[in-house]
Every structure is written in structure tokens, then in C-alpha cells.
Amino acid sequence: MLRVGDRAGELLRSLRDQGPRTRTQLAETLGASRATINAELATLAESRWVQDAAGPVSSGGRPSAQVQLHEERRVVAVSIGETRARVAVVHAGLTILRGSTLPLSGLAASEVLAWVSTSVRDLLADVDAEVPSSDVPPLGLTVAVDAVGGLQAGDVEGATGRGRRGGDRSRPDRPPHARASNGPG
């Protein structure tokens with residue numbers, strides 16, 4: 001089970017946003033020591049969230065190894081807005097591998113959640129059929145819900161088996177970036 005702190009999330013966001021980076025670049029960007037960065041990267045590598053990048057970078061001296069998001073890591077993104085729901089399976093670097101959209105006009109919350117559940121299962125099966133992953137766990141989960149028709153973030157968390165209703169939603173056993181919010185749809 002992966003347990004991460006804020007620093008690991010910052011590392012993953014930096015790698016997602018800026019691409020492969022050296023440990024020195026990550027330390028400078030995040031204002032942390034190389035020892036702290038190395039310890040967090042070791043934890044993330046053990047859980048296969050990151051891996052060494054293909055080629056080292058040379059600035060005239062000894063080439064520095066780069067770190068990148070793990071190529072086989074997949075994330076499921078669910079967005080439920082006022083007019084549509086979207087589900088996508090994306091590479092950890094945010095390349096969309098598969099996606100589906102549902103217009104919400106006249107649908108009950110239970111119908112939307114049933115569609116989300118079926119879509120996630122079907123999209124993951126499609127992606128796995130095309131690009132079989134090795135033993136890397138297939139996903140993290142991110143959910144954004146705009147409160148519509150009585151549907152709240154807690155309903156989605158309950159339907160997906162992720163998160164808790166009410167109280168503190170921070171869970172150390174979730175993958176980094178896994179969250180539920182009442183954010184934009």
C-alpha cells in the first residue's frame with residue numbers, strides 16, 4: 001500500500017506538468033533537499049508511480065539520470081457537470097487513452113452512476129485489450145462533481161468504493177492525485 005505525503009504529490013504533479021526531470025531539477029523546483037527527493041522517489045518507484053527515463057541528460061559533466069511518470073500507470077478520470085458526464089482512462093502523463101461522454105438531460109443520479117460504473121469497466125477493458133499492462137496496478141481515481149440533481153461527491157465516492165462520506169477526505173492509502181471534489185464539471 002502506497003502512503004504518500006504532500007511532497008510526493010508535488011513530485012508527481014511536477015513530473016506530469018514538466019515531463020522527465022533530474023533529481024536536482026526536482027529538488028530546486030520543489031525547494032527540498034536531494035535526500036528528501038530521493039527518499040520520496042524511492043517510495044514512488046517501489047509502488048511504480050515513477051521510473052527512470054530513457055536517457056541521461058548531460059550538461060558537460062557526468063550525465064544526470066532523469067525520472068518520469070511510469071509509462072504503464074493509468075488513471076480513471078470522472079467528471080460530472082451540469083449538462084454532461086465524462087469518463088476517461090488516461091496515462092499518468094494525461095494522454096487520453098479512451099473516453100466516453102453522456103448527456104445528462106433528464107437522467108436520475110442513479111442512472112448517471114450506473115453509466116459511470118459501466119463506462120469505467122468497459123473503457124479499462126478496451127485499453128487493456130489494446131495495450132496490455134504488466135503487473136502495474138491499472139489506475140488511480142480522480143472525480144470532479146458539480147452538484148446537480150441531488151448528486152453529490154459523497155454519492156460518487158460511495159458508488160465507486162472510494163473515499164468516505166463527510167469528514168476528512170484525505171486518505172493516505174489512496175494513490176496520489178486520487179480525490180473527490182465539488183469542482184468544475
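The values are calculated or read from the model by the stated rules, or taken from the named source; none is laboratory data. As the structure is a computational prediction, the values presented were derived from the model and not from experiment. Virtual Cβ from ideal backbone geometry, glycine too; neighbours counted across all protein chains shown.
Right, VAL116: assigned to a helix (DSSP H, G or I), over 27 Å from LEU11 (Cβ atoms) and over 19 Å from the mean Cα position of the chain (by Cα) or not?
no
Return a yes/no flag: does the range 12-22 have any residue that is without any contact (Cβ under 8 Å) to a residue 24 or more places away in the chain, in contact with a strand residue (DSSP E or B) (Cβ under 7 Å, 6 or more places away or on another chain), charged (D, E, K, R) and not in a loop (DSSP other than H, G, I, E, B). No - not one qualifying residue is present in the range 12-22.
Just checking, does the range 102-112 include any residue being in a strand (DSSP E or B) and either modelled with pLDDT of 90 or more or within 27 Å of GLU46 (Cα to Cα) (or both)? Within the range 102-112, one or more residues are in a strand (DSSP E or B) and either modelled with pLDDT of 90 or more or within 27 Å of GLU46 (Cα to Cα) (or both).
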